[in-house]
Structure formats: C-alpha cells, structure tokens
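Novice: Okay, here's the structure, questions in a sec.
The values are calculated or read from the model by the stated rules, or taken from the named source; none is laboratory data. On a predicted model such as this, the values are computed, not experimentally measured, just so you know. Here the Cβ positions follow ideal geometry from the backbone for every residue, glycine too, while neighbour counts run over all protein chains shown. With ligands, DNA and RNA removed, areas are computed over all heavy atoms of the protein, side chains included. Shrake-Rupley method; radii C 1.70, N 1.55, O 1.52, S 1.80 Å.
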Amino acid sequence: MKINQNYLNVKKSYLFTEIGNRVKKFQSDNPDADVIKLGIGDVTLPLAPVVVDALKKAADEMGEKQGFRGYGPEQGYDFLREAVRDYYLKRNICLEANEIFISDGAKSDLGNILDLFSECNTVLVPDPVYPVYVDTNIMAGRKVIFADGTEENGFLPMPDENIKCDIIYICSPNNPTGAVYSREELKKWVDYANSMDAVILFDAAYEAFVTDEALPRSIYEIEGAKNCAIEFSSLSKTAGFTGTRCGYTIVPHALIREGQTLNPFWLRRQTTKFNGVSYIIQRGAEAVFTEAGQRQIKTSLDYYRENAKTITEGLDKLGKKYVGGKHSPYIWMRCDMPSWEYFDLLLNKANVVGTPGAGFGRNGEGWFRLTAFGDADATKEAVKRIIALG
Ligand code: PLP
C-alpha cells in the first residue's frame, strides 16, 4: 500500500495547537498568572435564548414516536434551506432552495468541496489567510500560489491578469486581517475568475460583522458571481455555533465548468459522503433566522463589536498601526518584531495571548492578531496591559 505522501508536506503542527502548547507551558510554570486569551477565534457568549428553546423543543420531539426523525436529507431540511433563502432574499439575493446545502460548519465544506476539482488545478490563496485553505490543498497535492496581502494594499490583494489559476479563495471580512473587499474590488475578482474559467471559493464566515451597507456581505451581490463562485457561510461566529456546528454552502445552478453544472456534483458528493446535520441542530439554526433570533444575535455581535472598539481605541492611544476591527472581530496590528517573539513577550510580560501573524502566511510576519471574542472586562484589562507594555 501507499500512504498519501502529501501529508508530509503540510506544516507539522496546526497554528492553534502550537499556541495552546506554549500557553499550557507558561501556565504550568506560572500557576498564579492571570492569563487573558485573545488568541483563538472562538466565541464566548452563550447561544441566543430563542435558539436554546428551539433545540430543547426539537430534542423533546425526538423523544416522541410522532416527532422522532431518523436520517434526514443530506443536503438539509427544507425548513432550514428556506430560512437561509429568505435571509439572502432580504438582501435582494435570489437563490433557489436547492442551491443551498446545510453543513456542519464552513471548515468541513471548505475542505470537502475540493472533491469536485481535479488535483491538477492551480490554487490561488491570499496571504495572510485562514490556514485551512492552504493545508487542504497541500493534502490533496495541488499546486498553491499566493496573492500577497500587504500593508500597501490594505491586506486586500487584487487579481493580476498575468497569473493563471483555477481555484481562487477569497475571505471577506478576512481572517486574520479583518479587511473587507468593496463591491468594486470583488467585481474585479469575479471578472477575473470568469475570464479564465476559474472558480472562486468565497468564505463569508464573518459576513454578520459587516455593518456598512456599502460593503458586500455575499459574493452574490456582485454581477456575474453566480457563474463563478461557491459561497461558504457559518453560524459559528454569527450566532455562537462554534460548538453546536451548523453552516451552509451555496452552489449556484449557473456555475458550469467543462460543460458540467457543479450543483449536482456537490449534491452527489454530499449524498455519498455526508449524512446531514442533526435535526435538533437544524431546528436551532432555523431559530437564528427568525425575527427574535436576529434581534438576539445582534446583542452578542454588538458586544463583540464593543470589544473590538476597546482594542482599537487602545491601539490608537499607543500609536500602533492596525487594520480590521470595524467590520470584523479581528484586529490585525503591526508588532514591529518577529511575530512569535511578540507572542512570547506579550505572554510573559503582560500575560495576554494573541495569535502571531506568521501563522497565517509569509506576509503575516511582523503582524499580530487580536480577537474581540473575549469577555468585555478581560478585554479592557488586556488592552491596559498591552498599553503598559508599550
Ligand atoms: N472560515 C474562516 C475564515 C474561519 O475563520 C473559520 C473559523 O475560525 C471557519 C471558516 C470555520 O468555521 P466553522 O466553525 O463554521 O467550521
């Protein structure tokens, strides 16, 4: 037998495992230190009450003969697909319910979607970015090239006509930089992808953080996007579902490559390799899209936005350069030294944990990610300590 040798080409340790190891060691060496974690992008507020009620109700149904459900449709129950469709319709994006596939989160689908594409494709990934895009393609043996996000372009790389590629990842609002593409900028990516028959994999996991109507929250706000883009979204950061697990992926019927419509390909893939998200969780997810659900998640989103403001105001006082924080839970600050060095300095001297930019790609070196997902008082305290450190 032969193993998948490509696994030897991915970096040994996943970024957050390395952070976890360093923090664990520090805490065991300094058991009394009050460590504040603004590192991993996990949420801290509980699920909205309306979601919890829906989960409980669905659990009760499952305990009764009348309400019990076994295997559900792999692509999601109609009630949730319709709820997602209405969510898009409110923003004037018309989707058909069968273009929406319910998932157990964006991460799995971002990796799984690659089943649809040949290993010979060249993949264009922005740098810095969420490490999953690179690793999943390396595991499959695809060639990965990078679009440089730098201070000069505001960490929003634009297409280069001289570079040919087949699969393009775009993450907006971006993890880790918090930068958000404008409609005009996304239009350039859509035109570029259509001009060379490439497919855009658009990660909208942080769309709910965008408050400015002038900024796009979905790639389908852009003309021509249905011909070239698949969109991934998630309730993880929008509604605190990181542990509950539910998301959705949109594969438009208009997306055709090599004469084949990709929507039935994805349906075939999902019905073969995936058995759907649990009924209970889908009922909880449905509640997110109700009026009460939207109101309640807004309270949590506003709480995180306030944390982002606390961080950016602190960095303003310090005179530190940063991007993000306005339409994103991430603040990407210049640390003016190797980012793992700054990580250790911050941990040892301020007992604050952040994420070194180098973990997100070559262009992340010298930068550092702080998240707004923490407790408000802890965030204020962390900012005080960062300011004291200078
Ligand atoms: N996409 C981006 C850009 C993320 O930052 C994350 C999680 O941090 C995900 C996707 C994964 O989301 P999910 O929890 O839905 O798998």
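Novice: In whole Å, what three semi-axes, largest first, describe the equivalent ellipsoid of the chain built from its Cα gyration tensor (square root of 5 times each eigenvalue)?
Specialist: 33, 27, 21
Novice: Also, I was wondering about something else. Between SER103 and residues 5 or more places away or on another chain, which pairs have amide H atoms under 5 Å apart, with H built 1.01 Å from N, and which residues are they?
Specialist: GLY247, TYR248, THR249
Novice: If you scale each eigenvalue of the Cα gyration tensor by 5 and take the root, what three semi-axes come out for region 114-246, rounded to whole angstrom and sorted largest first? Let's see the in-between values first.
Specialist: Numbers: eigenvalues 93, 68, 43 Å².
Sorted largest first and rounded, they come to 22, 18, 15 Å.
Novice: Treating the beta-carbon of each Lys and Arg as +1 and of each Asp and Glu as -1, no other charges, what is the dipole magnitude of the chain about its Cα centre, to the nearest 20 debye? Before the final figure, lay out each step's value.
Specialist: Working: 46 positive and 52 negative charges, 137 e Å.
Dipole about the Cα centre, nearest 20: 660 debye.
Novice: Here is a follow-up. Check ALA179: other-chain or 5+ apart residues with amide H under 5 Å from its amide H, H built from backbone geometry?
Specialist: Here the answer is ASN174, since their amide H atoms fall under 5 Å of that of ALA179.
Novice: Where does the chain land at 222 nm, in deg cm²/dmol rounded to the nearest 500, when only DSSP H runs of n ≥ 4 count, each adding -39500 (n - 2.57), divided by all residues?
Specialist: Helices in the chain give a 222 nm mean residue ellipticity of -11500 deg cm²/dmol.
Novice: Next up: Between MET139 and ALA292, with labels modelled 7 Å along Cα→Cβ, what's the label distance in nm to one decimal, could you check?
Specialist: 3.9
Novice: Return the lysines within reach of LYS90: Cα separation strictly under 22 angstrom, same-chain partners fewer than 8 residues apart disregarded; answer none if there are no such residues.
Specialist: LYS187, LYS226, LYS237, LYS298
Novice: So what's region 131-202 giving for Rg/Rh, alpha carbon basis, Kirkwood Rh from the mean inverse pair distance? Numbers along the way, then the final one.
Specialist: Numbers: Rg = 12.2 Å, Rh = 13.0 Å.
Rg/Rh for region 131-202 comes to 0.94.
Novice: Round to the nearest 0.05 the FRET efficiency obtained for SER28 and GLU61 when R0 = 56 Å and r is the Cβ-Cβ distance. Kindly include the intermediate steps, with their values, before the conclusion.
Specialist: Details: r = 46 Å, r/R0 = 0.82.
The value I calculate is 0.75.
Novice: For GLU223, GLU258, GLU151, write out the residues from largest to smallest accessible area, computed with a 1.4 angstrom probe and no ligands counted. Spell out each step's value before the answer.
Specialist: Numbers: GLU223 145, GLU258 185, GLU151 65 Å².
Reading off the accessible areas and sorting them downward yields GLU258, GLU223, GLU151.
Novice: Sticking with this one: Please report, in debye to the nearest 20, how large the charge dipole of region 67-290 is about its Cα centre when each Lys and Arg carries +1 at its beta carbon and each Asp and Glu carries -1 there.
Specialist: On the way: 21 positive and 31 negative charges, 167 e Å.
In debye, rounded to 20, region 67-290 gives about 800.
Novice: Something else about it: Taking a cut-off of 18 Å between Cα atoms, list the lysines near LYS317, but don't count ones fewer than 8 places away on the same chain.
Specialist: Correct list for LYS317: LYS309, LYS326, LYS380, LYS384.
Novice: Hey, another quick one. Largest first, what is the accessible-area ranking of ASP344, ASP29 with a 1.4 Å probe?
Specialist: Values: ASP344 50, ASP29 90 Å².
Sorted by accessible area, descending: ASP29, ASP344.
Novice: Can you give the FRET efficiency for ILE256 and GLU161, using 1/(1 + (r/R0)^6), R0 = 30 Å, r = Cβ-Cβ distance, to the nearest 0.05? It would help to have the intermediate numbers written out before the result.
Specialist: On the way: r = 23 Å, r/R0 = 0.76.
Calculated value: 0.85.
Novice: Using packing as a proxy for protection, rank 105-111, 200-206 so that the peptide with the highest average count of other Cβ atoms within 10 Å comes first. Mind showing how you got there, number by number?
Specialist: Numbers: 105-111: 20.7, 200-206: 25.3.
Most protected by this proxy first, the peptides run 200-206, 105-111.
Novice: Shifting gears a bit: For a quick check of understanding: with a 1.4 angstrom probe and all protein chains in place, what accessible area in square angstrom does TYR220 have, to the nearest ten?
Specialist: 20
Novice: Mind listing the long-range amide H neighbours of PHE146? Cut-off is under 5 Å, sequence gap 5 or more, other chains count too, H placed in the peptide plane at 1.01 Å from N.
Specialist: VAL125
Novice: Projected onto the charge dipole of the chain (+1 at Lys/Arg Cβ, -1 at Asp/Glu Cβ, origin at the Cα centre), which of ASN30, THR272, THR122 gives the Cα projection farthest towards the positive end?
Specialist: ASN30
Novice: Through the Karplus equation 6.51 cos²θ - 1.76 cosθ + 1.60, θ set to phi - 60°, convert the phi angles of region 312-325 into ³J(HN,Hα) values in whole Hz; use x for Gly and Pro.
Specialist: My calculation for region 312-325 gives 5, 5, x, 5, 4, 4, 6, x, 7, 7, 7, 10, x, x Hz in order.
Novice: Which residues in region 153-176 place their backbone N less than 18 Å from a point set 7 Å from the Cα of LYS188 along the Cα-to-Cβ direction?
Specialist: So the set is 153-165, 168-174.
Novice: Something else about it: Given that compact globular proteins tend to follow 2.2 N^0.38 Å, what is the ratio of the alpha-carbon Rg of region 67-290 to that value?
Specialist: Working: Rg = 16.7 Å, N = 224, 2.2 N^0.38 = 17.2 Å.
So the Cα radius of gyration is 0.97 times the expected 2.2 N^0.38 Å.
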